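Okay, structure first, notes after.
The values are calculated or read from the model by the stated rules, or taken from the named source; none is laboratory data. Quick caveat, the model's predicted, so the values are computed rather than measured. SASA here: full protein model, heavy atoms, side chains in, ligands and nucleic acids out. Shrake-Rupley method; radii C 1.70, N 1.55, O 1.52, S 1.80 Å.
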Amino acid sequence: MLWICPYFHTPSFHPSHRGKSWQLTIKEPRRKIARRLDKSPSLKRKLSEMASEAYGDAILSAARETGFDENIFPQELPWTLLQAFDDNFMPE
């Protein structure tokens, strides 16, 4: 879910692409991460670091899949962790 964020900042990404599938693509990993945190509460201390590392990987993945230069994407996670895990939050 956090790892998908770079796609929202590409010139070709348009709000019309934000259908039900898009929403579920975000919601499913939120649930998986929440379950993992429930099973291993000690991971919560490392969540910010892990999200930052994963976002860096996601930038490379987004660049590869879109053909855009990796520098076109925000270099830091553009949302807070609270937003990223809020079921009612959908990136703009």
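Remarks
- Atom-type composition of the exposed protein surface of region 42-92 places 48 percent of the accessible area on carbon and sulfur (1.4 angstrom probe).
- Accessible area per residue in Å² at 1.4 Å probe, computed on region 51-92: 65
- Cα gyration tensor shape of region 46-87, rounded if a/c is under 1.5, else prolate or oblate by comparing a/b with b/c: prolate
- Two-decimal ratio, region 12-89, of alpha-carbon radius of gyration to 2.2 N^0.38 Å: 1.21
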